[in-house]
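I have placed the structure first, in the form of structure tokens, so that the comments after it can refer back to it.
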Amino acid sequence: MPASCPVTLSPQQRERYHRHLSLPEVGEAGQLKLLSSSALVVGAGGLGSPIALYLAAAGVGKLGLVDMDTVELSNLQRQVLHSTESLGQAKVVSARRALGRLNPEVDVQTYAVQLDTGNVAEILGGYDVAVLAVDNFATRYLVNDAALALGAPVVHGGIYRFEGQVTVCLPDRGPCYRCHVPDPPPDALMPTSGPLGVLPGVIGCIQATETIKLLLGVGEPLVGRLLTYDALEGSFHTFRVRRDPGCPACGVRNNGQLGRRPVP
Ligand SMILES: [Zn+2]
């Protein structure tokens, strides 16, 4: 949580968040809730860019960014947190500067590390929600398992060429990521081309929306549902996903403890 949780909005905050205040579903109470909430964005690349920018713009009080890469020229086709002047810098440094320019009120914490079993629980434990913006399955499973143990929600997003998908995993409320994808796809099926540069913008914005809904406690989160987007078709579809009773992470045969599994 941020160091100071405001109990009322300053005149500047009233102006900055005026459009939120005019929504009954958000209002002053909701904006104060956002200001005192936190989100960990895992990945400061194509998906992490719109996620972090919109969460900062919305006034989420504390944002954590995990990424150990540096900004390369080929990133700039889609990673809009970064710019030409950021080339060669650590992505978390470049991102913190961009977010500070957008909303200096946000407490941005950076982690230029590879998440692993030794650090994931400590880092994730400092946040209300995790937003996954990575392209590797090892990190998805790692964060899934840690979030189950902590009881923390995770907003997943994925992109492939012209297609993307989003789902939300809430411990005890629906399937976990291992229920969705029990095994990682073989390397031969991993993308070797793309994505279309704007695609992570679409999918990341949906992830940011789901995150804000969770933090506000409004609407129906994408729990047990997989939202897919096909940019070439211009179509969205939603698929129901059920919890797998035999899931090694959250299943009922996991020592009889639904939704809880020690971090490996
Ligand atoms: Zn599961």
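The values are calculated or read from the model by the stated rules, or taken from the named source; none is laboratory data. Quantities reported herein were computed from a predicted structural model and do not represent experimental measurements. Cβ placement follows ideal geometry from the backbone for every residue including glycine, while neighbour counts extend to all protein chains displayed. These accessible areas exclude ligands, DNA and RNA; they are computed on the full protein's heavy atoms, side chains included. Shrake-Rupley method; radii C 1.70, N 1.55, O 1.52, S 1.80 Å.
Just a few scattered comments:
- Which numbered condition Val66 misses (of (1) closer than 14 Å to Val129 by Cα; (2) surrounded by fewer than 24 Cβ atoms within 10 Å (Cβ to Cβ)): (2)
- Of all residues in the stretch 141-175, those being under 14 Å from Val120 (Cα atoms), in contact (Cβ under 8 Å) with a residue 60 or more places away in the chain, out of contact with any Pro (no Cβ under 6 Å at 6 or more places or on another chain) and surrounded by 24 or more Cβ atoms within 10 Å (Cβ to Cβ) number 3.
- Note on the stretch 153-176: residues that are within 16 Å of the ligand (Cβ to nearest atom) and either assigned to a loop (DSSP other than H, G, I, E, B) or basic (Lys, Arg) (or both) amount to 8.
- Filter result for the condition that a residue is small (Gly, Ala, Ser), surrounded by fewer than 21 Cβ atoms within 10 Å (Cβ to Cβ) and in contact with a helix residue (DSSP H, G or I) (Cβ under 7 Å, 6 or more places away or on another chain), over Gly27, Gly46, Gly59: Gly27
- Near pairs, Cβ below 8 angstrom, 6+ apart or cross-chain, from the stretch 92-109 (more than 21 Å from Tyr17 (Cβ to Cβ)) to any residue that is among the basic types (Lys, Arg): Gln109/Lys62
- Filtered residues of the stretch 177-210 (kept if at pLDDT 95 or above, open to solvent by 70 Å² or more (accessible area, probe 1.4 Å) and either within 16 Å of the ligand (Cβ to nearest atom) or part of a helix (DSSP H, G or I) (or both)): Thr209
- A single member of Val106, Val92, Val113 is open to solvent by less than 40 Å² (accessible area, probe 1.4 Å) and under 22 Å from Ala138 (Cα atoms), and it is Val92.
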